[in-house]
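The values are calculated or read from the model by the stated rules, or taken from the named source; none is laboratory data. Predicted model, so just to flag it, every value in this text is computed and none were measured. Every residue, glycine among them, receives a Cβ derived from its backbone with ideal geometry; neighbour counts consider all protein chains shown. Only protein heavy atoms, including side chains, enter the accessible area calculation; ligands, DNA and RNA are left aside. Shrake-Rupley method; radii C 1.70, N 1.55, O 1.52, S 1.80 Å.
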Amino acid sequence: MIAALALLLQIGAAPPAVLSVRVGERTATLPLVATSSGPAVAPDRLAALIDTRVRSDANGHHVLILAGVVFELSEQVPFARIGLEVTPLVGAPYTTGGRLFVPLQLIVEVFPRFARGAATYDPIAGELRIVRSGVAKAASPVASPPPRKRVVVVDAGHGGHDPGTSGRAGNGTVLIEKDVALAVARQLEVELRKRNVDVVMTRSGDVFVPLPERGRIANQRRGDLFISVHVNASAPRSRTAATARGVETYFLAVAKTEDAQRVADMENASIRFEAVSHVAKEDPLSFIINDMAENEHLRESSELASLVQKRLTTAQPAFDRGVKQGPFRVLVTSYMP
(Lines give C-alpha, C1' and ligand atoms only; values in the text may rest on other atoms or scores of the structure.)
Protein backbone atom coordinates (compact mmCIF):
# COMPACT_ATOMS: atom_id res chain seq x y z
CA MET A 1 0.00 0.00 0.00
CA ILE A 2 2.90 2.36 0.78
CA ALA A 3 4.42 1.62 -2.62
CA ALA A 4 1.07 2.30 -4.28
CA LEU A 5 0.77 5.64 -2.49
CA ALA A 6 4.34 6.52 -3.47
CA LEU A 7 3.53 5.76 -7.09
CA LEU A 8 0.43 7.93 -6.99
CA LEU A 9 2.43 10.75 -5.46
CA GLN A 10 5.00 10.46 -8.21
CA ILE A 11 2.32 10.54 -10.87
CA GLY A 12 0.58 13.47 -9.19
CA ALA A 13 3.77 15.44 -8.53
CA ALA A 14 5.19 15.33 -12.04
CA PRO A 15 2.57 14.11 -14.50
CA PRO A 16 4.30 12.95 -17.70
CA ALA A 17 3.12 14.14 -21.09
CA VAL A 18 3.30 10.65 -22.60
CA LEU A 19 3.44 7.02 -21.52
CA SER A 20 6.09 4.84 -23.13
CA VAL A 21 5.29 1.16 -23.56
CA ARG A 22 7.91 -1.47 -24.39
CA VAL A 23 7.39 -5.10 -25.42
CA GLY A 24 10.78 -6.60 -26.22
CA GLU A 25 12.27 -4.47 -28.99
CA ARG A 26 8.92 -2.89 -29.88
CA THR A 27 7.90 0.41 -28.36
CA ALA A 28 5.01 2.83 -28.58
CA THR A 29 4.26 6.23 -27.10
CA LEU A 30 0.78 6.98 -25.77
CA PRO A 31 -0.29 10.60 -25.28
CA LEU A 32 -1.76 11.46 -21.89
CA VAL A 33 -4.69 13.76 -21.22
CA ALA A 34 -4.71 16.03 -18.17
CA THR A 35 -7.84 15.79 -15.98
CA SER A 36 -8.80 17.17 -12.58
CA SER A 37 -7.95 13.80 -11.02
CA GLY A 38 -4.65 13.30 -12.85
CA PRO A 39 -3.49 12.03 -16.25
CA ALA A 40 -5.73 9.75 -18.31
CA VAL A 41 -4.98 7.54 -21.29
CA ALA A 42 -6.93 5.79 -24.07
CA PRO A 43 -6.18 2.07 -23.50
CA ASP A 44 -7.08 1.08 -27.08
CA ARG A 45 -3.81 2.72 -28.15
CA LEU A 46 -2.05 -0.30 -26.58
CA ALA A 47 -3.54 -2.58 -29.25
CA ALA A 48 -0.44 -2.21 -31.46
CA LEU A 49 1.64 -4.01 -28.81
CA ILE A 50 -0.57 -6.24 -26.67
CA ASP A 51 -3.94 -7.89 -26.97
CA THR A 52 -6.33 -5.04 -26.10
CA ARG A 53 -10.11 -5.09 -26.44
CA VAL A 54 -12.82 -2.70 -25.32
CA ARG A 55 -16.52 -3.60 -25.24
CA SER A 56 -19.00 -0.87 -24.37
CA ASP A 57 -22.75 -0.57 -24.04
CA ALA A 58 -25.16 2.35 -24.24
CA ASN A 59 -25.37 2.63 -20.43
CA GLY A 60 -21.75 3.69 -20.00
CA HIS A 61 -20.48 0.27 -18.92
CA HIS A 62 -17.21 -0.97 -20.38
CA VAL A 63 -15.23 -4.21 -20.37
CA LEU A 64 -11.53 -3.57 -20.94
CA ILE A 65 -9.31 -6.58 -21.63
CA LEU A 66 -5.55 -6.00 -21.42
CA ALA A 67 -3.44 -9.07 -22.14
CA GLY A 68 -6.07 -11.33 -20.62
CA VAL A 69 -6.78 -9.17 -17.56
CA VAL A 70 -10.46 -8.20 -17.56
CA PHE A 71 -11.53 -4.86 -16.06
CA GLU A 72 -15.20 -3.94 -15.63
CA LEU A 73 -15.65 -0.17 -15.65
CA SER A 74 -18.48 2.35 -15.51
CA GLU A 75 -18.33 5.97 -16.56
CA GLN A 76 -18.30 8.51 -13.71
CA VAL A 77 -17.59 5.68 -11.23
CA PRO A 78 -14.04 5.67 -9.79
CA PHE A 79 -13.76 1.90 -9.38
CA ALA A 80 -12.59 -1.06 -11.42
CA ARG A 81 -13.83 -4.59 -10.88
CA ILE A 82 -11.39 -7.41 -11.64
CA GLY A 83 -13.09 -10.72 -11.01
CA LEU A 84 -14.52 -10.49 -7.50
CA GLU A 85 -12.17 -7.70 -6.41
CA VAL A 86 -13.19 -4.04 -6.47
CA THR A 87 -10.29 -1.58 -6.73
CA PRO A 88 -10.66 2.19 -6.25
CA LEU A 89 -9.31 4.48 -8.96
CA VAL A 90 -7.99 8.02 -8.60
CA GLY A 91 -10.50 9.17 -11.19
CA ALA A 92 -13.51 7.87 -13.10
CA PRO A 93 -13.34 6.44 -16.63
CA TYR A 94 -15.00 8.54 -19.32
CA THR A 95 -15.54 8.60 -23.07
CA THR A 96 -14.98 11.39 -25.55
CA GLY A 97 -15.27 11.12 -29.31
CA GLY A 98 -16.36 7.52 -28.89
CA ARG A 99 -13.06 6.58 -27.21
CA LEU A 100 -12.69 5.26 -23.66
CA PHE A 101 -10.21 7.01 -21.37
CA VAL A 102 -9.07 5.58 -18.04
CA PRO A 103 -6.83 6.96 -15.26
CA LEU A 104 -3.15 6.38 -15.94
CA GLN A 105 -3.13 4.62 -12.56
CA LEU A 106 -5.14 1.72 -14.02
CA ILE A 107 -2.50 1.08 -16.71
CA VAL A 108 0.68 1.58 -14.69
CA GLU A 109 -0.38 0.38 -11.22
CA VAL A 110 -3.51 -1.78 -11.33
CA PHE A 111 -2.76 -3.66 -14.56
CA PRO A 112 0.77 -4.77 -13.52
CA ARG A 113 -0.61 -5.94 -10.17
CA PHE A 114 -3.08 -8.29 -11.84
CA ALA A 115 -0.81 -9.27 -14.76
CA ARG A 116 1.10 -11.56 -12.35
CA GLY A 117 4.59 -10.40 -13.15
CA ALA A 118 3.95 -9.91 -16.84
CA ALA A 119 4.26 -6.12 -16.67
CA THR A 120 6.19 -3.56 -14.64
CA TYR A 121 6.21 0.22 -14.58
CA ASP A 122 9.30 2.40 -14.26
CA PRO A 123 8.03 5.74 -12.84
CA ILE A 124 11.41 7.43 -13.38
CA ALA A 125 11.51 6.63 -17.10
CA GLY A 126 7.73 6.82 -17.41
CA GLU A 127 7.78 3.44 -19.16
CA LEU A 128 5.45 0.45 -18.94
CA ARG A 129 7.41 -2.71 -19.69
CA ILE A 130 5.77 -5.92 -20.78
CA VAL A 131 8.25 -8.46 -19.51
CA ARG A 132 6.66 -11.73 -20.58
CA SER A 133 6.25 -12.49 -24.27
CA GLY A 134 3.12 -14.51 -23.61
CA VAL A 135 1.07 -11.33 -23.21
CA ALA A 136 2.27 -9.72 -26.42
CA LYS A 137 -0.26 -9.05 -29.16
CA ALA A 138 -1.16 -12.19 -31.06
CA ALA A 139 -0.22 -12.41 -34.72
CA SER A 140 -3.83 -12.99 -35.73
CA PRO A 141 -6.80 -11.06 -34.32
CA VAL A 142 -8.59 -12.63 -31.36
CA ALA A 143 -12.34 -12.76 -31.66
CA SER A 144 -14.21 -10.98 -28.89
CA PRO A 145 -16.34 -13.26 -26.74
CA PRO A 146 -20.09 -12.95 -27.18
CA PRO A 147 -21.83 -10.35 -24.99
CA ARG A 148 -22.55 -11.65 -21.51
CA LYS A 149 -26.21 -12.13 -20.65
CA ARG A 150 -27.52 -10.03 -17.79
CA VAL A 151 -27.61 -11.85 -14.46
CA VAL A 152 -30.27 -11.15 -11.82
CA VAL A 153 -29.87 -12.72 -8.38
CA VAL A 154 -33.27 -13.47 -6.85
CA ASP A 155 -33.26 -14.00 -3.10
CA ALA A 156 -36.30 -15.54 -1.42
CA GLY A 157 -36.22 -14.25 2.15
CA HIS A 158 -35.82 -16.56 5.16
CA GLY A 159 -36.19 -20.34 4.71
CA GLY A 160 -35.63 -23.57 6.61
CA HIS A 161 -35.74 -23.08 10.38
CA ASP A 162 -36.14 -19.30 9.84
CA PRO A 163 -39.85 -18.87 8.98
CA GLY A 164 -39.99 -15.08 8.93
CA THR A 165 -43.31 -13.53 9.87
CA SER A 166 -46.73 -15.19 9.65
CA GLY A 167 -50.40 -14.27 9.49
CA ARG A 168 -53.84 -15.53 8.51
CA ALA A 169 -55.56 -15.03 5.19
CA GLY A 170 -59.28 -14.19 4.99
CA ASN A 171 -60.19 -17.90 4.75
CA GLY A 172 -58.21 -18.71 7.89
CA THR A 173 -55.18 -20.19 6.08
CA VAL A 174 -51.91 -19.52 7.86
CA LEU A 175 -49.39 -17.78 5.62
CA ILE A 176 -45.69 -18.04 6.43
CA GLU A 177 -43.29 -15.49 4.98
CA LYS A 178 -40.64 -17.99 3.83
CA ASP A 179 -43.26 -19.84 1.72
CA VAL A 180 -44.78 -16.73 0.16
CA ALA A 181 -41.34 -15.26 -0.59
CA LEU A 182 -40.20 -18.46 -2.31
CA ALA A 183 -43.39 -18.68 -4.40
CA VAL A 184 -42.99 -15.08 -5.57
CA ALA A 185 -39.26 -15.57 -6.23
CA ARG A 186 -39.99 -18.61 -8.40
CA GLN A 187 -42.54 -16.66 -10.44
CA LEU A 188 -40.01 -13.85 -10.85
CA GLU A 189 -37.43 -16.38 -12.05
CA VAL A 190 -39.81 -17.66 -14.73
CA GLU A 191 -40.63 -14.14 -15.98
CA LEU A 192 -36.97 -13.11 -16.13
CA ARG A 193 -35.94 -16.24 -18.04
CA LYS A 194 -38.67 -15.50 -20.60
CA ARG A 195 -36.84 -12.21 -21.20
CA ASN A 196 -33.51 -13.97 -21.83
CA VAL A 197 -32.07 -13.00 -18.45
CA ASP A 198 -29.91 -15.43 -16.50
CA VAL A 199 -31.28 -15.98 -12.98
CA VAL A 200 -29.42 -17.12 -9.88
CA MET A 201 -31.60 -18.23 -6.95
CA THR A 202 -30.01 -17.98 -3.52
CA ARG A 203 -32.40 -20.73 -2.50
CA SER A 204 -34.80 -22.87 -4.57
CA GLY A 205 -36.26 -24.86 -1.68
CA ASP A 206 -37.10 -24.61 1.99
CA VAL A 207 -33.53 -24.29 3.23
CA PHE A 208 -31.77 -21.79 5.47
CA VAL A 209 -29.08 -19.62 3.86
CA PRO A 210 -27.18 -17.20 6.18
CA LEU A 211 -27.62 -13.54 5.29
CA PRO A 212 -23.95 -12.82 4.41
CA GLU A 213 -23.82 -15.96 2.25
CA ARG A 214 -26.60 -14.63 0.01
CA GLY A 215 -24.47 -11.64 -0.96
CA ARG A 216 -21.45 -13.84 -1.53
CA ILE A 217 -23.49 -16.03 -3.89
CA ALA A 218 -24.47 -12.91 -5.83
CA ASN A 219 -20.85 -11.75 -6.11
CA GLN A 220 -19.50 -15.15 -7.12
CA ARG A 221 -22.08 -15.42 -9.90
CA ARG A 222 -21.29 -11.86 -11.06
CA GLY A 223 -24.84 -10.61 -10.66
CA ASP A 224 -25.95 -7.35 -12.27
CA LEU A 225 -28.89 -6.91 -9.88
CA PHE A 226 -29.80 -8.33 -6.47
CA ILE A 227 -33.49 -8.59 -5.56
CA SER A 228 -34.64 -9.91 -2.19
CA VAL A 229 -38.32 -10.82 -1.76
CA HIS A 230 -40.01 -10.44 1.65
CA VAL A 231 -43.44 -10.14 3.28
CA ASN A 232 -44.03 -7.60 6.03
CA ALA A 233 -46.13 -7.74 9.18
CA SER A 234 -48.08 -4.89 10.70
CA ALA A 235 -46.40 -2.79 13.35
CA PRO A 236 -46.72 -4.19 16.90
CA ARG A 237 -48.66 -1.10 18.07
CA SER A 238 -50.98 -1.08 15.05
CA ARG A 239 -54.68 -1.25 15.95
CA THR A 240 -55.63 -2.72 12.59
CA ALA A 241 -53.92 -4.97 10.05
CA ALA A 242 -55.01 -2.57 7.30
CA THR A 243 -51.71 -0.72 7.66
CA ALA A 244 -49.89 -3.86 6.49
CA ARG A 245 -51.47 -3.90 3.02
CA GLY A 246 -49.81 -2.86 -0.20
CA VAL A 247 -46.35 -2.89 -1.73
CA GLU A 248 -43.13 -1.15 -0.71
CA THR A 249 -39.61 -1.34 -2.14
CA TYR A 250 -36.44 -0.80 -0.13
CA PHE A 251 -32.87 -0.10 -1.14
CA LEU A 252 -29.75 -0.22 1.01
CA ALA A 253 -29.11 3.00 2.94
CA VAL A 254 -29.55 4.44 6.42
CA ALA A 255 -33.20 4.28 7.50
CA LYS A 256 -34.99 7.63 7.45
CA THR A 257 -38.06 6.65 9.47
CA GLU A 258 -38.79 4.62 12.58
CA ASP A 259 -40.99 2.27 10.56
CA ALA A 260 -38.24 1.61 8.00
CA GLN A 261 -35.77 0.84 10.78
CA ARG A 262 -38.33 -1.51 12.38
CA VAL A 263 -38.69 -3.45 9.12
CA ALA A 264 -34.91 -3.68 8.72
CA ASP A 265 -34.53 -4.86 12.31
CA MET A 266 -37.14 -7.57 11.75
CA GLU A 267 -35.41 -8.88 8.64
CA ASN A 268 -31.93 -8.59 10.14
CA ALA A 269 -33.10 -10.66 13.10
CA SER A 270 -32.54 -13.74 10.89
CA ILE A 271 -28.92 -13.62 12.03
CA ARG A 272 -29.99 -15.25 15.28
CA PHE A 273 -30.45 -18.48 13.31
CA GLU A 274 -26.85 -18.47 12.09
CA ALA A 275 -24.65 -20.93 13.96
CA VAL A 276 -21.46 -18.95 13.40
CA SER A 277 -20.95 -15.22 13.19
CA HIS A 278 -20.05 -14.17 9.65
CA VAL A 279 -18.94 -10.67 10.54
CA ALA A 280 -15.60 -10.21 8.77
CA LYS A 281 -12.69 -8.96 10.86
CA GLU A 282 -11.43 -6.63 8.12
CA ASP A 283 -8.72 -4.03 8.40
CA PRO A 284 -9.82 -0.36 8.24
CA LEU A 285 -8.68 0.03 4.62
CA SER A 286 -10.75 -2.94 3.44
CA PHE A 287 -13.75 -1.57 5.30
CA ILE A 288 -13.38 1.82 3.59
CA ILE A 289 -13.00 0.27 0.14
CA ASN A 290 -16.02 -2.01 0.66
CA ASP A 291 -18.07 0.94 1.89
CA MET A 292 -17.10 2.95 -1.21
CA ALA A 293 -18.02 0.02 -3.44
CA GLU A 294 -21.48 -0.15 -1.87
CA ASN A 295 -21.96 3.60 -2.26
CA GLU A 296 -21.03 3.24 -5.92
CA HIS A 297 -24.41 1.57 -6.47
CA LEU A 298 -26.48 3.79 -4.17
CA ARG A 299 -27.94 5.95 -6.96
CA GLU A 300 -28.59 2.95 -9.21
CA SER A 301 -30.26 1.09 -6.34
CA SER A 302 -32.52 4.05 -5.62
CA GLU A 303 -33.51 4.34 -9.30
CA LEU A 304 -34.16 0.61 -9.55
CA ALA A 305 -36.35 0.69 -6.44
CA SER A 306 -38.41 3.52 -7.93
CA LEU A 307 -38.90 1.60 -11.20
CA VAL A 308 -39.90 -1.59 -9.40
CA GLN A 309 -42.35 0.24 -7.14
CA LYS A 310 -43.94 2.12 -10.04
CA ARG A 311 -44.44 -1.01 -12.15
CA LEU A 312 -45.78 -3.07 -9.24
CA THR A 313 -48.38 -0.49 -8.26
CA THR A 314 -49.53 0.24 -11.83
CA ALA A 315 -49.63 -3.38 -13.05
CA GLN A 316 -52.04 -4.43 -10.30
CA PRO A 317 -54.35 -2.71 -7.82
CA ALA A 318 -52.00 -2.51 -4.85
CA PHE A 319 -51.74 0.14 -2.17
CA ASP A 320 -48.59 2.15 -2.87
CA ARG A 321 -46.47 2.30 0.29
CA GLY A 322 -43.64 3.98 -1.59
CA VAL A 323 -39.89 3.60 -1.90
CA LYS A 324 -37.96 3.46 1.36
CA GLN A 325 -34.43 2.83 2.51
CA GLY A 326 -32.98 0.78 5.33
CA PRO A 327 -29.81 -0.99 6.56
CA PHE A 328 -30.72 -4.50 5.43
CA ARG A 329 -27.95 -6.92 6.27
CA VAL A 330 -28.78 -9.19 3.32
CA LEU A 331 -27.87 -6.34 0.93
CA VAL A 332 -24.60 -5.28 2.54
CA THR A 333 -22.36 -7.98 1.07
CA SER A 334 -23.61 -7.81 -2.53
CA TYR A 335 -21.66 -5.36 -4.69
CA MET A 336 -24.35 -4.52 -7.24
CA PRO A 337 -27.60 -2.50 -7.28
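Out of residues 5 or more away from F251 or on other chains, whose amide H comes under 5 Å of its own, with H placed 1.01 Å from N in the peptide plane?
K324, Q325, G326
Just to check I understand the Karplus step: with θ = phi - 60° and J = 6.51 cos²θ - 1.76 cosθ + 1.60, what whole-Hz values come out for the range 27-34, glycine and proline as x?
Along the range 27-34, the couplings run 9, 8, 10, 10, x, 10, 10, 6 Hz.
Extension gain A58-E75, at 0.36 nm per residue separation less the Cα-Cα distance, in nm?
5.0 nm
If you plug each phi of the range 117-123 into the Karplus form 6.51 cos²θ - 1.76 cosθ + 1.60 with θ = phi - 60°, what whole-Hz ³J(HN,Hα) values come out, in order, with x for Gly and Pro?
Running phi through 6.51 cos²θ - 1.76 cosθ + 1.60 with θ = phi - 60° gives x, 7, 8, 9, 10, 9, x Hz.
Express the accessible area of the range 34-132 per residue in Å², computed with a 1.4 Å probe while the remaining protein chains stay in the model.
Accessible area per residue: 41 Å².
Obtain the nm distance between the two label points defined at L312 and Q220 by a simple spin-label model: each point lies 7 Å from its Cα along the Cα-to-C-beta direction.
The two pseudo-label positions are separated by 2.8 nm.
Per 0.36 nm of contour for each residue apart, how much would the distance between E213 and V190 grow if the chain were fully extended, relative to their Cα-Cα spacing?
5.9 nm
At E25 and D320, where each label point lies 7 Å from the Cα along Cα→Cβ, what is the point-to-point distance in nanometres?
7.1 nm
Could you tell me the calculated FRET efficiency between E85 and K149, based on Cβ-Cβ distance and R0 = 30 angstrom, to the nearest 0.05?
0.85
Beta carbons within 10 angstrom, averaged per residue: use that to sort the peptides 24-35, 47-58, highest first.
47-58, 24-35
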